[in-house]
Amino acid sequence: MTRPPHENVATVLVDPAVLAELEVALMHHDLRVWPMATAPICADGPRQAVQYRRRTLVAKRGAWDDAEHWVPVWVSFGASWRHGDDPLPWAAHRTLWQALEHYGTQVRYRKCLGGVSPLPVPVGLDG
């Protein structure tokens, strides 16, 4: 049995005040930001975003309550980080976590990657 195709992503809660700035900063590292509510792979993105945010905040038992109205996003890795079927290099992980650390208290995340259905990049943007 084979695993269905997937894409490794970090799931991050982002303060809306820095969302656009974060997206541009991550683009410089060939990392893409996909707001969960509008991601093309979500049949009901707004509901999925609300449910993710609620589950995450409850799990943190008050520690992340300031993120109650923040935007859940997936951060995916662009083509420069991929080498065929090889796993993502550790440099990709390090670059992502360092870029997120720069935003300090305006982002909330766990240092782990999850898998989602492949996110379709518009033609012409991925070389």
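Summary of values
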quantity: Residue count for the range 1-16, restricted to those that are surrounded by fewer than 12 Cβ atoms within 10 Å (Cβ to Cβ) and either in a helix (DSSP H, G or I) or of a type outside the set (Ser, Thr, Tyr) (or both); calculated: 6
quantity: The range 36-81, residues that are out of contact with any Pro (no Cβ under 6 Å at 6 or more places or on another chain), under 14 Å from VAL121 (Cα atoms) and not hydroxyl-bearing (Ser, Thr, Tyr); calculated: ALA39, ILE41, TRP74, VAL75, PHE77, GLY78, ALA79
quantity: Pick from the range 50-68, criterion closer than 27 Å to THR95 by Cα and small (Gly, Ala, Ser), ranking: nearest to the chain's Cα centre (by Cα); calculated: ALA67
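Conditions (1) over 11 Å from the mean Cα position of the chain (by Cα); (2) in contact (Cβ under 8 Å) with a residue 12 or more places away in the chain, marked per residue:
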| position | (1), (2) |
| --- | --- |
| LEU19 | yes, yes |
| HIS28 | yes, no |
| VAL33 | no, yes |
| GLN48 | yes, yes |
| TRP70 | yes, yes |
| PRO89 | yes, no |
| ARG94 | yes, no |
| SER117 | yes, yes |
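Quick note: the coordinates plus some simple rules give every number you see, no bench work behind them. Just so it is clear, the structure is predicted and the values come from calculations on it, not from any experiment. When we count neighbours, we look across all protein chains shown, and the Cβ atoms used for this are built from the backbone with ideal geometry, even at glycine.
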